[in-house]
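The values are calculated or read from the model by the stated rules, or taken from the named source; none is laboratory data. The shown structure was predicted, so the numbers you read here are calculated from the model rather than taken from an experiment. Heads up, the Cβs are rebuilt from the backbone with ideal geometry, glycines too, and the neighbour counts pull from every protein chain shown. Side chains included, ligands, DNA and RNA excluded: accessible areas come from the protein's heavy atoms. Shrake-Rupley method; radii C 1.70, N 1.55, O 1.52, S 1.80 Å.
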Amino acid sequence: MEIKLSKDYEKLSSLVAIIVAAQILENPQSKLVLPTGSTPLGMYEELVRRKLDWSLVETFNLDEYIMNPDHPYSYHSYRPTLSFEDKMNVNKGIDLCILGIGSNGHIAFNEPGSSFKSRTRVVDLSEQTIQDNSRFFDSIDDVPKQAITMGLGTIMESKRIILMANGKHKLNILKVAMNGEVTEDVPASILQKHNDAEVFYCD
Ligand code: PGA
């Protein structure tokens, strides 16, 4: 699978923003899955600048931390996951899904070993992901240990998928995922099986 190289982060961000904007212009009632993390920040800034009409667009979060897994409330978290899946099915699916990639090859919070058939669910985060994401928190102890994530099976039902990656530290895992064996040990490798998935990278 081709890894399309952008000249710099601004180019990567505007390229993906243009794809999102075109989708919304073509279908104002688009259903989009959007990521968090550091990579898409420039894309969001560019989308804000474009002043699109989001009033009919429906967006879904790719994943979400469970901030307090020991609290009794967390036992209810399976209910949002079910209603999330129901809503996507009722609405005949996602038009465009934007993804990042973790240094261990995860997409959303589908860590290595996740089933390719997995649906939206509660997951334990890997040590690598907790380490990687500790930069967003005061201390590594503050990083949530669990999350709700769209499943790999759910993501693959999107009509179109764009994966964006920023930084040399992502290049090796990108090559393994896009050109290596399709294996649940490298969750992003499932994208090789999608008929409308593209990968954009800048170093
Ligand atoms: P990042 O995270 O954009 O902060 O690098 C991506 C990911 O972990 O999926």
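Looking only at residues that are among the aliphatic types (A, V, I, L, M) and surrounded by fewer than 20 Cβ atoms within 10 Å (Cβ to Cβ) in region 175-195, which one is farthest from the ligand (Cβ to nearest atom)? Here the answer is 182.
Within region 136-151, the set of residues being within 13 Å of the ligand (Cβ to nearest atom) and either touching a helix residue (DSSP H, G or I) at 6+ places or on another chain (Cβ under 6 Å) or within 16 Å of residue 173 (Cβ to Cβ) (or both) comprises just one member, 143. Filter region 96-117 down to the residues that are open to solvent by 10 Å² or more (accessible area, probe 1.4 Å) and more than 11 Å from the ligand (Cβ to nearest atom) and list them by number. The answer is 112, 113, 114, 115, 116, 117. Can you tell me which residue in region 160-174 is surrounded by the fewest Cβ atoms within 10 Å (Cβ to Cβ), limited to those that are within 14 Å of residue 99 (Cβ to Cβ) and more than 12 Å from the ligand (Cβ to nearest atom)? Filtering first and then ranking leaves 160. For region 5-61, a residue qualifies if it is within 15 Å of the ligand (Cβ to nearest atom) and either of a type in the set (Lys, Arg) or not in a loop (DSSP other than H, G, I, E, B) (or both), and the qualifying residues are 9, 12, 13, 16, 33, 34, 41, 42, 43, 44, 45, 61. Look at residue 140 and say whether it is surrounded by 15 or more Cβ atoms within 10 Å (Cβ to Cβ) and of a type in the set (Val, Ile, Thr). It is false that residue 140 is surrounded by 15 or more Cβ atoms within 10 Å (Cβ to Cβ) and of a type in the set (Val, Ile, Thr). Of the residues 133, 89, the single one that is within 10 Å of the ligand (Cβ to nearest atom) and at pLDDT below 95 is 133.
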